[in-house]
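*Asks:* Dumping the structure here so I can ask a few things about it.
The values are calculated or read from the model by the stated rules, or taken from the named source; none is laboratory data. Predicted, not measured: the structure shown is a model, and the values here were computed from it. As a convention, Cβ positions derive from the backbone with ideal geometry for all residues, glycine included, and neighbour counts pool all protein chains shown.
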There are 2 protein chains.
Amino acid sequence: MSDAYYSQELHGPFETFDLGDFELESGEKLRGLRLAYATFGTLAADKSNVVLFPSWYSGTSKILEQAYVGPGRALDPAKYFIVLVNQIGNGLSSAPNNVPPPFNGPRFPRITIGDDVRAQQKFLSEKFGIEELALVLGGSMGAQQTLEWAARFPERVKRAAPIAGTARATAHNKFLVQTFIDAITGDPAFEDGWFKPGAVHRGLRRHARAFAASGFTPQLFNEEGWRGLGFTTAEDFATGFVENHFLPQDANNLLLLAQKWQRGDVARQTGGDLAAALARIKAKTFVIAIEEDGFFPLDDILAEQRLIANSELKRVSSIWGHLALFGVDAGYNAAIDTYLGELLALPEAAPQAAAA
Amino acid sequence: MSDAYYSQELHGPFETFDLGDFELESGEKLRGLRLAYATFGTLAADKSNVVLFPSWYSGTSKILEQAYVGPGRALDPAKYFIVLVNQIGNGLSSAPNNVPPPFNGPRFPRITIGDDVRAQQKFLSEKFGIEELALVLGGSMGAQQTLEWAARFPERVKRAAPIAGTARATAHNKFLVQTFIDAITGDPAFEDGWFKPGAVHRGLRRHARAFAASGFTPQLFNEEGWRGLGFTTAEDFATGFVENHFLPQDANNLLLLAQKWQRGDVARQTGGDLAAALARIKAKTFVIAIEEDGFFPLDDILAEQRLIANSELKRVSSIWGHLALFGVDAGYNAAIDTYLGELLALPEAAPQAAAA
């Protein structure tokens, strides 16, 4: 099931770039790292119009394209060279399901958000000669990558828009993600990651429902907000939309991503000092929060935004909660376009004094 | 494990009352229904000082006693005759784990909140000759019973204080509870309810963690609010407090309660018309919401409170979220005592015109 899912047919067109062997923050090595990506628009001669948009948990470049890119949108290919990049482990880029033995499946090395960002920087430089980003943005795990980019490469990032995510996973966030992990690993068919194709479907279904219980808002269920998508009941929606999303995915891929999510922490750059890491950011930053977000609560996002010098908190409300990211709420989509358009119209951040 | 848990030693002293065979709303019959209860204080000669407090999900009369009853508290045995009653299925009252074959385990009949309330009314009348309640109150599933009492027996209930619960389970609430159910039934050791003693511990542990992920607030995790209880990390707390609470309990008991919770609906009395059911309530009612409640969100409670004529919404804030009910937050305890004291000091509700 997995191979057919992670395909050009379902998620393309995408291209891949071979980064060769790649040293990881863990000290391990990822052999033959390939990043899958899709681009839209034309790279300006001065390379000043680059927008980078890394993928989120369980998503690929395809949903980013469908939900955020297009003529008349803030991310308009007529204006920008938009690079949608698939994070390591998502199944289009190198992942447990697609690398050769013996480092396949549960033997795939542990990855951090910092690994992704370093790999993306190398890819952009080697493939396109891109050294500066007009904007980096992303939702959820994409927000983790966005903030890591802005803090790790402050001179290269002019604008940043983390959406519905944090620079460091909170204790509650880690705990919540662990319940998703346990839903999969608790399935006896998981067999320590050496499962037969399709065998972990009970675990994936439980994972989907745990994800839905807090990923959407209570209001969505109570108002049957899914009717516009053609679903009839909470059961029908949970099965037809959420289980359907996760069932074809590789359980080891999801676990790799979930563990990367839990370890998300820009302060790994600064010996654990979150304020110091966020103080490195020079980009003009719109920190965008979904007010009803059950994964990344507004308070947690606000606490970090206050540590980013040249930033503003922007709020959007949606009964779809965290999963408004999917682009299913026209109100959310319009608000995001407004914020991104406003941010892209701003001049680059004024030079700041270097930290003492 | 179960028998030692549901014991006088751990949960007593409690007494039991035999209601004989009991007809259920489902049309089934519960043979030899026993209700377990504990009383505090002295029944007044005119029987005007009765406070009824039914138990919540996975709790017994013991936690109600420890967290809410005592000299100087609103529920002071020097003033009131306080009856803490164990809901059907909790393991002190008749439950899957303690009735004889063949109606034991998964063959225990399905129970509704309405069954509990009818059984409690019969018990109070037959055992004590009590026909009126000065106050009925309860948290979570206890709030379900409280509202059912007030709507079903409007002439018998003078005051009501549902805390952190609703009269009808919302779609999201049912979905959330289903993830708790699935955590247990998804354990292969559950074996359709015919498990060996102690065998379902993985399912019970997963259930505990799903419960904790939304039962407490993100802030509790982030601020390590459990340190005051002697726990060191989120893991330590989840295992030592939450798993420890559920592990000794009978999986069939928990499932019976969870399914009763999902079916909670006072409008079963009125052909599905919630407004009509709540309009039956004559009691002076304080509808108490925990602002951060992840199980019963403030908005859902507010929507129902507006349908109760002689009611006021009272709010309490706690980083313990829904599970502040356990009495672990001194601020919550003080606020509840204030509200209950205020409600008990009010004269009985003035007679209202009967509904047309």
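*Asks:* Take the conditions at pLDDT 95 or above, assigned to a strand (DSSP E or B), touching a strand residue (DSSP E or B) at 6+ places or on another chain (Cβ under 9 Å) and acidic (Asp, Glu) and apply them to B:GLU342. Does it pass?
*Replies:* Spelling it out, it is not the case that B:GLU342 is at pLDDT 95 or above, assigned to a strand (DSSP E or B), touching a strand residue (DSSP E or B) at 6+ places or on another chain (Cβ under 9 Å) and acidic (Asp, Glu).
*Asks:* Quickly run through region A:274-299 and pick out the residues that are among the charged types (D, E, K, R) and either surrounded by fewer than 24 Cβ atoms within 10 Å (Cβ to Cβ) or more than 14 Å from chain B (Cβ to nearest Cβ) (or both).
*Replies:* Filtering region A:274-299 down to residues among the charged types (D, E, K, R) leaves A:280, A:282, A:284, A:291-293, A:299.
Within region A:274-299, A:ARG280, A:LYS282, A:LYS284, A:GLU291, A:GLU292, A:ASP299 meet the criteria.
*Asks:* Could you please find all residues in region A:149-173 being within 15 Å of A:LEU274 (Cβ to Cβ) and either in a loop (DSSP other than H, G, I, E, B) or within 11 Å of chain B (Cβ to nearest Cβ) (or both)?
*Replies:* The first filter runs over region A:149-173 and keeps only residues within 15 Å of A:LEU274 (Cβ to Cβ), leaving A:150-152, A:162, A:165-171, A:173.
Listed by number, the residues that qualify are A:GLY165, A:THR166, A:ALA167, A:ARG168, A:ALA169, A:THR170, A:ALA171, A:ASN173.
*Asks:* Which of the residues belonging to region B:262-273 are surrounded by fewer than 23 Cβ atoms within 10 Å (Cβ to Cβ) and touching a residue at least 12 places away in the same chain (Cβ under 8 Å)?
*Replies:* Keep residues of region B:262-273 that are surrounded by fewer than 23 Cβ atoms within 10 Å (Cβ to Cβ), which gives B:262-263, B:265, B:267-273.
Answer for region B:262-273, where residues must be surrounded by fewer than 23 Cβ atoms within 10 Å (Cβ to Cβ) and touching a residue at least 12 places away in the same chain (Cβ under 8 Å): B:GLN262, B:ARG263, B:ASP265, B:ALA267, B:ARG268, B:GLN269.
*Asks:* In region B:2-51, which residues are in contact with an Asp or Glu (Cβ under 9 Å, 6 or more places away or on another chain), of a type in the set (A, V, I, L, M, F, W, C) and more than 30 Å from B:ARG268 (Cα to Cα)?
*Replies:* Across region B:2-51, the qualifying residue is only B:PHE40.
*Asks:* Within region B:244-257, can you find the residues that are part of a helix (DSSP H, G or I) and surrounded by fewer than 20 Cβ atoms within 10 Å (Cβ to Cβ)?
*Replies:* Correct list: B:ASN244, B:HIS245.
*Asks:* So, in region B:34-73, how many residues would count as being among the acidic types (Asp, Glu) and assigned to a loop (DSSP other than H, G, I, E, B)?
*Replies:* First pass over region B:34-73, keeping only residues among the acidic types (Asp, Glu): B:46, B:65.
Still in the list and also assigned to a loop (DSSP other than H, G, I, E, B): B:46.
Matching residues across region B:34-73 total 1.
*Asks:* If you don't mind, there's one more thing I want to ask. Without any contact (Cβ under 8 Å) to a residue 24 or more places away in the chain and among the basic types (Lys, Arg): is that true of A:ARG306 in this structure?
*Replies:* In short, yes.
*Asks:* Hey, any hits in region A:179-190 for a residue that's in contact with a helix residue (DSSP H, G or I) (Cβ under 8 Å, 6 or more places away or on another chain), touching a residue at least 40 places away in the same chain (Cβ under 8 Å) and aromatic (Phe, Trp, Tyr)?
*Replies:* The answer is yes, given that some residue of region A:179-190 is in contact with a helix residue (DSSP H, G or I) (Cβ under 8 Å, 6 or more places away or on another chain), touching a residue at least 40 places away in the same chain (Cβ under 8 Å) and aromatic (Phe, Trp, Tyr).
*Asks:* Among the numbered criteria (1) within 14 Å of the chain's Cα centre (by Cα); (2) over 25 Å from B:PHE153 (Cα atoms); (3) of a type outside the set (A, V, I, L, M, F, W, C), which one does B:GLY114 miss?
*Replies:* That leaves (2) as the condition not met.
*Asks:* Given the criterion over 20 Å from A:VAL242 (Cα atoms), out of contact with any Lys or Arg (no Cβ under 9 Å at 6 or more places or on another chain), of a type outside the set (Val, Ile, Thr) and buried (at least 21 other Cβ atoms within 10 Å of the Cβ), identify the matching residue among A:ALA38, A:ALA74, A:ALA45.
*Replies:* None of the other options fit; the residue is A:ALA74.
*Asks:* Does B:LEU124 satisfy the condition of being more than 22 Å from B:LYS29 (Cβ to Cβ) and out of contact with any Gly (no Cβ under 8 Å at 6 or more places or on another chain)?
*Replies:* Considered against the rule, which asks whether it is more than 22 Å from B:LYS29 (Cβ to Cβ) and out of contact with any Gly (no Cβ under 8 Å at 6 or more places or on another chain), B:LEU124 comes out as no.
*Asks:* Sticking with this one: Being over 18 Å from the mean Cα position of the chain (by Cα), at pLDDT below 95 and away from every other protein chain (no Cβ under 14 Å) is the requirement here; does A:GLN305 meet it? Walk me through how you get there before you give the answer.
*Replies:* On the way: over 18 Å from the mean Cα position of the chain (by Cα): yes; at pLDDT below 95: no; away from every other protein chain (no Cβ under 14 Å): yes.
No; evaluated as a whole, the condition is false for this residue.
*Asks:* While we're looking at this one, here's another question. Within region A:111-131, count every residue that is surrounded by 16 or more Cβ atoms within 10 Å (Cβ to Cβ) and assigned to a loop (DSSP other than H, G, I, E, B).
*Replies:* Looking only at that region, the number is 3.
*Asks:* So B:ASN173 ticks every box in (1) under 29 Å from B:GLY105 (Cβ atoms); (2) out of contact with any Asp or Glu (no Cβ under 9 Å at 6 or more places or on another chain); (3) surrounded by fewer than 23 Cβ atoms within 10 Å (Cβ to Cβ) but one. Which box is left unticked?
*Replies:* (2)
*Asks:* Do you know which of the residues in region A:221-231 that are part of a helix (DSSP H, G or I) and more than 7 Å from every other protein chain (Cβ to nearest Cβ) is nearest to B:ASP299 (Cα to Cα)?
*Replies:* Only one residue tops the list, namely A:GLY225.
*Asks:* Give me the residue from region A:183-220 that is part of a helix (DSSP H, G or I) and either touching a Lys or Arg at 6+ places or on another chain (Cβ under 6 Å) or among the aromatic types (Phe, Trp, Tyr) (or both) and, out of that set, farthest from the other protein chains (Cβ to nearest Cβ).
*Replies:* Among residues in region A:183-220 that are part of a helix (DSSP H, G or I) and either touching a Lys or Arg at 6+ places or on another chain (Cβ under 6 Å) or among the aromatic types (Phe, Trp, Tyr) (or both), the one farthest from the other protein chains (Cβ to nearest Cβ) is A:PHE190.
*Asks:* Within the bounds of region A:83-91, is there any residue that is more than 13 Å from A:PHE14 (Cβ to Cβ), among the β-branched types (Val, Ile, Thr) and at pLDDT 95 or above?
*Replies:* The answer is yes, given that some residue of region A:83-91 is more than 13 Å from A:PHE14 (Cβ to Cβ), among the β-branched types (Val, Ile, Thr) and at pLDDT 95 or above.
*Asks:* Further question on the same structure: Looking at region B:231-257 only, could you name the residues that are over 30 Å from B:PRO109 (Cβ atoms) and among the aliphatic types (A, V, I, L, M)?
*Replies:* Correct list: B:ALA234, B:ALA238.
*Asks:* Provide a single number: the residues in region A:278-301 that are more than 17 Å from B:PHE221 (Cβ to Cβ) and assigned to a helix (DSSP H, G or I).
*Replies:* 2
*Asks:* Taking A:THR232, is it among the polar types (S, T, N, Q) and either free of Cβ contacts under 8 Å to residues at least 12 places away in the same chain or surrounded by 24 or more Cβ atoms within 10 Å (Cβ to Cβ) (or both)?
*Replies:* The answer is yes for A:THR232.
*Asks:* Given the condition in contact (Cβ under 8 Å) with a residue 60 or more places away in the chain, of a type in the set (D, E, K, R) and out of contact with any strand residue (DSSP E or B) (no Cβ under 8 Å at 6 or more places or on another chain), answer yes or no: does some residue in region A:274-288 qualify?
*Replies:* yes
*Asks:* Does any residue in region A:1-28 that is at pLDDT 95 or above come within less than 8 Å, Cβ to Cβ, of a residue that is part of a loop (DSSP other than H, G, I, E, B) and of a type in the set (Phe, Trp, Tyr) six or more places away or on a different chain, and which pairs are these?
*Replies:* A:GLN8/A:PHE14
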